[in-house]
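Peer 1: Take a look at the following structure, please.
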Amino acid sequence: MASFLRGKQAGIQRDFSAGLDPQLFAIDEVARYGINSQVSALAYDPVQSLLAVGTKDTKFGSGKIYVFGQKRVSVSLKLPRKASVKTLQFCADKLVCVDTKNDLSVFALDTTRILASYAPPGLITAIATDSTLDYALIGLQNGEIIAYDLDRLSLAPLRIPNLWRDRNPRAHLLPVETLAFHPRDIGNLLIGYSEGAVIFSFKHNKPLKFFHYELPSGAPGGDPQANPGSPARCPRLTQAIWHPTGTFILTGYEDSSFVVWDPKDGRKVLARTIQATNVDMPGASSQIVGSTRGTLAIKEPLFRISWCSKANPDDTGILIAGGLSTTEPAKGLTFLDLGPTPNYTTSSWQILSEHFERPKAQHTLPTPPNAEVVDYCLVPRKSPHFAGSNDPIAIIALLASGEMVTLSFPSGHPITPTNQLHVSLTCVHPFVNRIDIAFVDRTRWLGMVENRSRGPPILKGGAEPKRSLMKFANRNVIQTAHADGTIRVWDAGHGDEIENEEVLEVDVARALGRYRDIDVIMMSMAGATGELAVGLRTGEVAIFRWGKNRDFGRDIPHKETKSFGLETIVDRAEPSVKEGLLPLTLLDAQHGPVTALKMSDVGFVCAGFEGGSITVIDLRGPAVIFEASVSDFGSSSGKHGSFRRSSNSQSQAKLEWPTNIEFGVMMLDGDDYSSILLFVGTNLGHLVTFKLLPEATGGYTVRLVGTCTLDDKIISISPINTDSGDLAAATQDVVASLRSGARINGVILTVTTTGAKMFKPAVAKGANKTWDQLLCYQAAVVKFEAYTYALVGLFGDGCAKAFSVPGLKEIASTNVTHILDVQRFSEAIITPTGFVFGWTGPSEIAVLNVWGTGQDLTRSLDKLFNPQALIPPRPTISNLQWMSGTQYVTPADMDMFIGGPDRPPSKRVMEQQRADEEARRVASRQPTGSSSRAGRQPPERQEEGYWAYMQRQVQERTENLSLAGDNMEKLEDNSAGWADDVNKYVSSQKKKAVMGLISHKLGF
């Protein structure tokens, strides 16, 4: 009965919620965007062109693995137990993960499912995989190394004991810190223990060299506070890596120093830090002056070191995360560009030492201020070998805050993740401060394809499945405002096929002409025109419009031009953007932070400020056509009404500012024509109605119509057409129909935190409902199917509730606390079609459909693995090393060393053998010339084992030596023959000379 009376009081004769059954209000989780928790691990596969991201186990979500590919390709993998991801590594068609619960998990990329989970007999401290091997070597806390068979999903027979105890039997706890395969000879393994490093040979089954770093008394090492009387000490090892060709090795230590060694004889080439060299010499200085005079700074630890190379593996550089002073003004990654490596066989020891002591260049790859890089992931162009550091084009760095930043390599220029990385990764690149949703026309959105200069794509792998396409539905276009002042605009979809997957980027900082104090707190986008209004905490309102950049490719200085209260900022467009959302005009009202903002579809913008003022902009100028303070509305002329049960005299002393703004078209109470109306709601519950009237000059004027006092803060304003139940929004078609005298009967449904009111503007004649001691944080009128509507809200008890229109009777209620964060209900957005965009954590957004069937988020059907993308052959030893007698171990030999002689070939090896056999059959049918035969390896050599390989090597060396002996014998014979000919010629000349002299004497 109460709901029936509310409809009559509001002047509505129809029930727009007729037929809405409570069972129809069921929440479907359609999609999730972002990262559920703090990022803890990164891995990149250049063969499949995929990026894996692991997260920590926090109160916002358990540890999870995300694998991203091109465009919107994304698959999430769950860990077997609730834990945090520690390490991620791609290995051919598998992804290997180590978590904080000490589980080794193996995931298949082709099926995107977990294959096995193994808990070793000890704490995992290091792991090493290679794309040509079917094994994962696991370093344990007790110093032992075991192998896990990734193909048989079981433990392999190989077990390497703690090798360092052979050198120091008194050592108790020596965990394995790092493991690294030789980049060219996979038969050698570099093992880093806490006291030093060891090179282990699989073919000899014994350690070859030990590397122990000991600082003598008085040597500073990496400690900036060391003095000449410092005792001898041995820093703890944290890093151990190979030179890209295996010519040297590098070990890093917890005191921020690192040492370059000669792996052949075990000698130390150079010990240094980022700032100082020869730090292992007594009397050397490694002190760093702090920012305050007379103080010393503390160094960061070495988080990670990579020995990078260009396409030529001998042209190298060292990339370091950490090791800088804590007071260093420019934070970031340090790159030591070493240049081409000197020839080891012909260079003196001094030349080798100076190569590392005096790099060709040293520079810092900058990161955001006060941001500490704790890990990074290199993005190689092609090769997965050389520890993933061969010819990288970019670096994806992980900051201590959990954010990510992408830099070009080696220049260090920031790379925007827009259209380079998945949209979920942009939510932590950097963090998102605020989101907003625009209901954009499909045709309009398909035409909004940004034309921007950009580099080669980083992620190119994976494929999306075909989904259903809602051709006639408007698009849910989301705008995300980031901490660096960047706004990204992209289609979040309806769980359907997304036709335009491109992401638009807006640089608010450049539009304002500064790069500090850029905090976007309000956004509003027009669905019909694509115009975007942005409000900042500092009080500015910037407006962007789609168009072509007249200054494309040119960075011209800004010319300050102000007119009609606005500043023109067209010349602040990004030079790299040829067509896109470009800056148009700027409003700097200086009335405090923007608290409410609305961009209409018909060319008007209204902004409200914390100082209590509102400003209306007509974009036809553009020009400011109205400015006023909400505190003056009560005393202004116009109609007044109230829903308050009792007056509150103290409210007059409180500060008042706008909280919600909406445009609509309808007839006011007492009018016989429809008008463009502007509704402004405040934090004290005042609803102010304005009328926008055309002028003879072609412009518009804003006139106050009336005010209404409600119970509490206004969070939602919905103008409703009482004839159809649809929203009486100010669309282009409706406004155009006003010229022909169209009449629209309408009411306003206003929602506050404590209740809802429905009345005909501008007076308070209508019905109201309270929320029964619950607080409402977000609400909107949504449509179900053709002509059925309901009021949907998010409430403080963690439920989403649906109410009838106009009766405001509760239809259904569903708890959503298992999906959304209740504390961020006020930041959620409810669309007119029933989609709810809400936060699940600091950096993840869930998309819900209130008219669903109660289904949870479905498993992604995206494909990750491409079987046509083949792993390139692993680099091998040089010809000089081969001629000198180095025994090369093939990956096939490693199967015998690690898996034992009885292990059958793996599935991947058998598939590769079948592919090779097919290639040989094809090649045998094609005649080739002698030159091509000379350069091709015999087919039978591709499958030979270790002992057959050694036998062939010995035979070839014997043949080469025999050939050399034959050549020497031929050379000796030729030399002897040449000498005989010379002797005969000399004898003949002597004989002719004597006979000539005798003839001359005798007178002949």
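Peer 1: What does the accessible area of Trp657 come to, in Å² to the nearest 10, when a probe of 1.4 Å is used?
Peer 2: The accessible area of Trp657 comes to roughly 70 Å².
Peer 1: Still on this model: If one takes the longest principal axis of the Cα atoms in the chain, at what angle in degrees, from 0 to 90 and to the nearest 10, does the Cα axis of helix 907-924 lie?
Peer 2: The helix 907-924 is inclined about 70 degrees to the chain.
Peer 1: For the stretch 718-731, in order, what is each residue's ³J(HN,Hα) by Karplus, 6.51 cos²θ - 1.76 cosθ + 1.60 with θ = phi - 60°, in whole Hz (x at glycine and Pro)?
Peer 2: Ordered by residue, 3J(HN,Hα) equals 10, x, 10, 7, 6, 7, 10, x, 6, 5, 8, 7, 8, 8 Hz.
Peer 1: Using a 1.4 angstrom probe with every protein chain in place, what is the largest-first accessible-area order of Lys71, Lys559?
Peer 2: Of Lys71, Lys559, the descending order of accessible area is Lys559, Lys71.
Peer 1: Now, a different point. I'd like to know which of Leu155, Ile145, Ala171 lies farthest towards the positive end of the charge dipole of the stretch 123-190, counting +1 on Cβ of Lys and Arg and -1 on Cβ of Asp and Glu.
Peer 2: Ala171
Peer 1: Now for a different question. Compare Lys801, Lys783 by solvent-accessible area with a 1.4 Å probe and give them largest first, with all protein chains kept in place.
Peer 2: Ranked list, largest accessible area first: Lys783, Lys801.
Peer 1: For the chain, find the longest principal axis of its Cα atoms and tell me its angle to the long axis of helix 946-1002, 0 to 90°, nearest 10.
Peer 2: 50 degrees
Peer 1: Using amide H atoms built 1.01 Å from N in the peptide plane, name the residues 5+ places from Ala394, or on other chains, whose amide H lies under 5 Å from its own.
Peer 2: Residues meeting the amide H criterion: Val379, Phe409.
Peer 1: Which whole-Hz couplings ³J(HN,Hα) result when phi for each residue of the stretch 456-461 is put into the Karplus expression 6.51 cos²θ - 1.76 cosθ + 1.60, θ = phi - 60°, listed in order with x for Gly and Pro?
Peer 2: For the stretch 456-461, the Karplus-derived couplings read x, x, 7, 10, 10, x Hz, x marking Gly and Pro.
Peer 1: Calculate, for the stretch 405-447, the solvent-accessible area per residue in square angstrom, rolling a 1.4 angstrom probe over the heavy atoms of the protein chains.
Peer 2: 33 Å²
Peer 1: Could you tell me the relative contact order of the stretch 1-130? Use alpha-carbon pairs under 8 Å, at least six residues apart, and round to a whole percent.
Peer 2: In percent, rounded to a whole number, it is 14.
Peer 1: Would you tell me the accessible area of Asp797, worked out with a 1.4 angstrom probe on the heavy atoms of the protein chains, in Å² to the nearest 10?
Peer 2: Result for Asp797: roughly 60 Å² accessible.
Peer 1: Can I ask one more? For Ala219, enumerate residues with amide H under 5 Å from its amide H, sequence gap 5+ or separate chain, H modeled in the peptide plane.
Peer 2: Here the answer is Gly283, since their amide H atoms fall under 5 Å of that of Ala219.
Peer 1: Students often get this wrong, so check it: of Lys203/Lys268; Lys466/Lys578; Lys78/Lys907; Lys578/Lys863; Lys94/Lys382; Lys863/Lys907, which have C-alpha atoms separated by over 28 Å?
Peer 2: Too far apart for the 28 Å limit: Lys466/Lys578; Lys578/Lys863.
Peer 1: Got a number for the accessible area of Arg267? Probe 1.4 Å, square angstrom, nearest 10.
Peer 2: Around 120 Å² of this residue is reachable by solvent.
Peer 1: If you don't mind, another one. Which value, in Å², gives the accessible area per residue of the stretch 765-918 when a 1.4 Å probe is used on the protein heavy atoms?
Peer 2: With all protein chains present, the stretch 765-918 gives 48 Å² per residue.
Peer 1: Considering only protein heavy atoms and a probe of 1.4 Å, how much of the accessible area of the chain is carbon and sulfur, as a whole percent?
Peer 2: Carbon plus sulfur share of accessible area: 51 percent.
Peer 1: Could you please report the charge total around Gln778, scoring K, R as +1 and D, E as -1 over all other residues with beta-carbon less than 15 angstrom from its beta-carbon?
Peer 2: Computed value for this residue: -2.
Peer 1: While we're on this one: Accessible area per residue for the stretch 62-107 in Å², computed with a 1.4 Å probe and the full protein assembly in place, what is it?
Peer 2: On a per-residue basis, the stretch 62-107 sits at 32 Å².
Peer 1: Let me ask you something else. What percentage of all Cα-Cα pairs in the stretch 287-411 are separated by more than 18 Å?
Peer 2: Counting pairs separated by more than 18 Å, the tail of P(r) holds 57 percent.
Peer 1: List, in order, the whole-Hz ³J(HN,Hα) value for each residue of the stretch 538-546 obtained from phi through the Karplus relation with A = 6.51, B = -1.76, C = 1.60 and θ = phi - 60°; use x for Gly and Pro.
Peer 2: 7, x, 7, 10, 9, 10, 10, 9, 5
Peer 1: Read through the labelled values [x] 1.35; [y] 1.12; [z] 1.39 and report the label of the one computed as Rg/Rh (Cα atoms, Kirkwood Rh) from the structure.
Peer 2: Evaluating Rg/Rh (Cα atoms, Kirkwood Rh) on these atoms matches [y].
Peer 1: With every protein chain kept in the model, how would you rank Arg444, Arg454 by accessible area, 1.4 Å probe, largest at the top? The partial results should precede the final answer.
Peer 2: Values: Arg444 75, Arg454 110 Å².
Correct descending sequence by accessible area is Arg454, Arg444.
The values are calculated or read from the model by the stated rules, or taken from the named source; none is laboratory data. Remember, predicted model here, so these are calculated numbers, not experimental data. Because the Cβ atoms are built from the backbone with ideal geometry, glycine has one as well, and the counts that use them run over all protein chains shown. Side chains are part of the model used for accessible areas, which takes the heavy atoms of the whole protein and leaves out ligands, DNA and RNA. Shrake-Rupley method; radii C 1.70, N 1.55, O 1.52, S 1.80 Å.
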